[in-house]
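Data block below; observations after.
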Amino acid sequence: MVLLLLAVVRLPWAGDLGMHAATVQRLGHSLLHPGNPLVDADTPSPYYSPWMLLLGVVAKLTGLSVFVVLRLAALTGLALLATGVLRYVRTLSAHRAAPALALLSLLLLWGPVLFNWSGFLGLNSLALTMAYPSVFALGLSFHFWAWLTRAVRAEAAWGVWAGLGVLWALILLCHQFTGVVASLGGLAVVLAGKPARGLLLRLGAGLVPGLLVLWLWPYYDFFALFSVGADLEAIHQPLYQDLAGRFGLVLLGVAALGLRWRRDHRDPLVLFFLLGVLVFAAGGLTGHYSWGRALPAALIPAQLAAALEAVSAGRRAVRRGWAWVLLAALAVGAWTQAGTLGYVVDREALPRVVAEKYRTPWVGYQWIMRAGVKYGDVVMARTFPARQIPAYGPYTVAPGYPDVFLPDAGRREAAVERYFSAGAGAAERREILREYGVRWVVGGSPAPGLRKVAVGPGNQTLYRVLP
């Protein structure tokens with residue numbers, strides 16, 4: 001946790017951070033009508049979630065930089081995650097070491113091949129994504145499972161179930177894929193509790209306010225997401241590759257789940273795991289690769305089971321033997337992710353074998369803002385810069401990330417490809433710049449109608465479009 005807190009200070013830039021920074025930018029500029037976060041278009045966006053709305057309010061009221069606000073988001077997400085794991089694990093074991101072992105397993109028990117993806121809790125992945133809504137939603141999910149477990153066991157009052165329904169909806173709105181994981185975990189808790197008729201009635205009553213929140217959320221149509229899966233399949237297909245290398249150490253947890261199943265055929269972690277495997281396998285078999293984002297529903301219960309077996313197995317000798325095996329697996333996982341140290345320690349100070357595992361974060365495009373680019377200006381840029389430029393306030397012609405609510409996304413991407421193609425003529429390029437109201441160009445070569453303004457990292461050139 002100390003390592004992750006130090007990483008908050010540097011906030012390593014990689015992956016989707018630019019999208020989330022751009023979302024806070026738009027909400028900080030206009031809470032009611034933020035428009036598309038990446039391009040100059042008036043469209044809804046699933047990134048406008050309750051959590052991002054709150055961060056936008058903070059940015060607007062305090063005047064803090066977007067990246068300072070994202071650091072606050074990272075701190076909040078880490079706090080929710082740590083306390084959520086503590087509360088949920090306490091429903092599974094009273095042993096005082098259980099929460100710490102569980103957190104170590106969630107962070108380190110992965111595989112010998114480094115794997116980073118939003119919504120997955122590996123240490124390196126978490127260091128890069130802790131400011132993302134997925135971490136916030138995962139933290140809420142652990143609290144949701146803990147609260148739901150206690151509600152099932154105590155046959156809680158109707159109001160408690162209504163609160164659980166609203167929390168479930170908030171998780172789904174904040175990060176839809178994590179919401180699926182939270183839903184599978186909640187279903188496992190209910191099934192493990194041998195639900196009677198009265199409990200099912202309360203559960204149904206709790207779903208009503210949750211569905212109402214999903215329906216009434218004004219920033220995007222949650223239920224429209226069910227019709228856009230085809231646009232996401234290619235992006236998520238890599239989730240089905242190199243499973244042994246990325247997640248091989250989780251097999252220890254699968255063995256632990258087998259032991260738990262022998263003791264209790266309705267163990268909640270076993271049921272959670274089976275549901276997660278079912279959805280993940282169904283996605284691979286049917287080509288719905290976006291369903292692979294449900295994989296944490298299989299990983300999390302296996303990782304928790306591996307940790308809990310060290311304090312739950314019957315005889316002391318068995319527990320000690322399991323603890324040594326777990327320690328060895330955690331050491332392998334820690335070595336795989338040792339490059340995370342580079343996010344808080346200068347690479348030159350790391351041993352060579354560790355420094356080789358370190359991946360340098362992105363530099364950013366604040367240099368174009370110093371050169372005169374303003375909030376709301378449209379910038380012509382290829383995909384990689386387009387993932388970062390909107391974080392500072394400008395728009396790009398085409399979104400740097402897939403946007404399922406932008407109807408002309410394909411046309412915009414084709415326009416950017418044509419503009420930077422070697423065969424494009426001066427007249428065609430001028431027409432593209434005029435059509436999209438472009439004021440600046442990043443990259444490319446000098447051309448009529450452009451004036452060179454600045455040169456940034458990697459010898460990238462910023463041009464101003466002349467009137």
Practice task
State the volume of the convex hull built on the alpha-carbon positions of segment 87-139, expressed per residue in Å³ and rounded to an integer.
Solution key: 80 Å³
Practice task
Provide, for q = 0.20, 0.24 Å⁻¹, the log10 of I(q)/I(0) from a solvent-free Debye sum over equal Cα point scatterers in segment 170-220.
Solution key: -0.78, -0.98
Practice task
For Val57 and Ala94, compute 0.36 nm times the residue count separating them, minus their Cα-Cα distance, and round to one decimal in nm.
Solution key: 9.4 nm
Fill in the blank from the handout: Cα convex hull volume per residue for the chain, in Å³, equals 158 Å³
Problem - Separation between Cα centres of segment 1-79 and segment 292-335, rounded to whole Å - result: 34 Å
Fill in the blank from the handout: P(r) of segment 45-181 over all Cα-Cα pairs, 10 Å bins starting at 0, rounded to whole percent, reads 12, 37, 34, 15, 2
Practice task
Place +1 on the Cβ of every Lys and Arg and -1 on the Cβ of every Asp and Glu in the chain, take the dipole about the Cα centre, and give the residue among Gly314, Ala127, Val465 whose Cα lies farthest towards its positive end.
Solution key: Gly314
Handout entry: Separation of alpha-carbon centers, segment 158-204 and segment 356-431, rounded to whole Å
Key = 40 Å
Problem - Partners for Lys452 among lysines (Cα-Cα distance below 29 Å; same-chain residues under 8 apart left out) - result: Lys374
Practice task
Beyond 19 Å, what share of the Cα-Cα pairs of segment 115-185 is found? Please give it as a whole percent.
Solution key: 37 percent
Exercise for the section: Would you mind listing how long segment 319-467 runs along its three principal axes, going by Cα atoms, in whole Å with the largest first? Expected result: 73, 36, 30
Problem - Heavy atoms of Asp42 accessible to a 1.4 Å probe, total area in Å² rounded to 10 - result: 140 Å²
Fill in the blank from the handout: Ranking Thr360, Thr83 from most to least accessible area with a 1.4 Å probe gives Thr360, Thr83
Problem - Sequence of Ser118, Ser445 from largest to smallest accessible area, 1.4 Å probe - result: Ser445, Ser118
Fill in the blank from the handout: In debye to the nearest 20, the charge dipole size for the chain, taken about the Cα centre with +1 at each Lys and Arg Cβ and -1 at each Asp and Glu Cβ, equals 1200 debye
Practice task
From largest accessible area down, sort Ile235, Ile300; use a 1.4 Å probe on the protein chains.
Solution key: Ile235, Ile300
Problem - Loop-exposed GluC sites (Glu not before Pro) per DSSP, neighbour cap 15 Cβ within 10 angstrom, longest uninterrupted part of the chain - result: 156-355
Practice task
For segment 394-467, would you read off the P(r) tail past 14 Å as a percentage of all alpha carbon pairs?
Solution key: 62 percent
Practice task
For segment 266-367, just list the percent of Cα-Cα distances falling in each 10 Å bin from zero outward, please.
Solution key: 13, 23, 27, 27, 9, 1, 0
Practice task
Please provide three numbers in whole Å: the alpha-carbon extents of segment 118-247 along the principal axes, with the largest listed first.
Solution key: 44, 34, 25
Handout entry: 13 Å beta-carbon shell around Ala102, net charge (K/R +1, D/E -1)
Key = +2
Practice task
Quickly estimate the mean residue ellipticity at 222 nm for the chain, helices only: each DSSP H run with n ≥ 4 gives -39500 (n - 2.57), and the total goes over all residues, rounded to 500.
Solution key: -18000 deg cm²/dmol
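The values are calculated or read from the model by the stated rules, or taken from the named source; none is laboratory data. In this text the structure is predicted, and so the values were computed from the model without any measurement. Ideal geometry is used to build each Cβ from the backbone, glycine not excepted, and the neighbour counts take in all protein chains shown. These area figures cover heavy atoms from the full protein model, side chains too; ligands, DNA and RNA do not enter into them. Shrake-Rupley method; radii C 1.70, N 1.55, O 1.52, S 1.80 Å.
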